[in-house]
Amino acid sequence: MRKENMTSSVGLITAFAASLCCITPLIALVAGASGAASALTWLAPFRPYLIGMSVLTLVFAWVQSFSTPKTAQCKAVESCTATKKSFLASRSFLLLITVATALVAAFPLYSKAFYPTSNLETMLVVEPSKMHKAVFTIKGMTCAGCEAHVNSELAKVNGMVESITSYAKRNTVVRFVGTKTTIQQLQAAIAKTGYKVIATKLETNGNNK
């Protein structure tokens, strides 16, 4: 394999490492081990540096591909033209790695699409005294995929009406029927994702926003 393609492979690996904090929750959900979802959230602060490394290595690989002399490994023009490059030594392979790297690096932006849509029970008539709202402060969320992961687990709880999760605000706002579920059950649902509830604020009337 040519040096530029080895370099581009490093770019792909670093891009994968940069997105592991969002890839891992999805893998864990599919594997049924969602409790391990937040195991690699410690990588999140390093994401900009890893992305930067990916970009630099890919740029270097492309520069190498265009600057390598065509006659560097042959003495006669005939022998050069007769030598057929392998796919792994071609710019097509380099382009393939570049596209794959871009998709992997951008995974946190579209990861939400891979999570099942929440099908919460629609409750048209609920007494105000039975409707509650709770705000859970959550540690460990790093992208939109984390939001979808939390929402998908909360949607499984009986009595859930709505959950609005934000990784930027580090919380999820939950509206639920107090006679059907409890704060402890909601906390347990969030804990299944692997993220940690570090604070809870409860309002007795969920209609007061």
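The values are calculated or read from the model by the stated rules, or taken from the named source; none is laboratory data. Just so it is clear, the structure is predicted and the values come from calculations on it, not from any experiment. Note that each Cβ is placed from the backbone with ideal geometry, even for glycine, and that neighbours are counted across all protein chains shown. Remember, those area values only see protein heavy atoms, side chains included, never the ligands or the DNA or RNA. Shrake-Rupley method; radii C 1.70, N 1.55, O 1.52, S 1.80 Å.
Can you pull out the residues in segment 151-164 that are in a helix (DSSP H, G or I) and either out of contact with any helix residue (DSSP H, G or I) (no Cβ under 7 Å at 6 or more places or on another chain) or modelled with pLDDT of 90 or more (or both)?
First, pick out the residues of segment 151-164 that are in a helix (DSSP H, G or I): 151-154.
Residues satisfying the conditions are ASN151, SER152, LEU154.
Evaluation of VAL99 against the conditions (1) of a type outside the set (Asp, Glu); (2) assigned to a helix (DSSP H, G or I); (3) modelled with pLDDT under 70 shows that the sole unmet condition is (3).
Can you work out which of the residues in segment 126-175 that are among the hydrophobic types (A, V, I, L, M, F, W, C) and within 16 Å of the chain's Cα centre (by Cα) is farthest from GLY194 (Cα to Cα)?
The first filter runs over segment 126-175 and keeps only residues among the hydrophobic types (A, V, I, L, M, F, W, C), leaving 126, 131, 134-136, 138, 141, 143-144, 146, 148, 150, 154-155, 157, 160-161, 164, 168, 173-174.
Checking which are within 16 Å of the chain's Cα centre (by Cα) leaves us with 141, 143-144, 146, 148, 150, 168.
On the way: MET141: 10, CYS143: 14, ALA144: 15, CYS146: 10, ALA148: 13, VAL150: 9, ALA168: 18 Å.
Top of the filtered list is ALA168.
Only residues that are free of Cβ contacts under 8 Å to residues at least 40 places away in the same chain and open to solvent by 30 Å² or more (accessible area, probe 1.4 Å) were counted across segment 136-170, and they come to 7. Here ASN207 meets each of (1) modelled with pLDDT under 90; (2) open to solvent by 10 Å² or more (accessible area, probe 1.4 Å); (3) closer than 30 Å to PRO45 by Cα with one exception, condition (3).
Please work out which one of (1) open to solvent by less than 90 Å² (accessible area, probe 1.4 Å); (2) in a helix (DSSP H, G or I); (3) modelled with pLDDT under 85 is the condition TRP42 fails and give its number. Here TRP42 meets the rest and fails (1). Is it the case that some residue within segment 174-191 is surrounded by 14 or more Cβ atoms within 10 Å (Cβ to Cβ), out of contact with any helix residue (DSSP H, G or I) (no Cβ under 8 Å at 6 or more places or on another chain) and part of a strand (DSSP E or B)? Yes.
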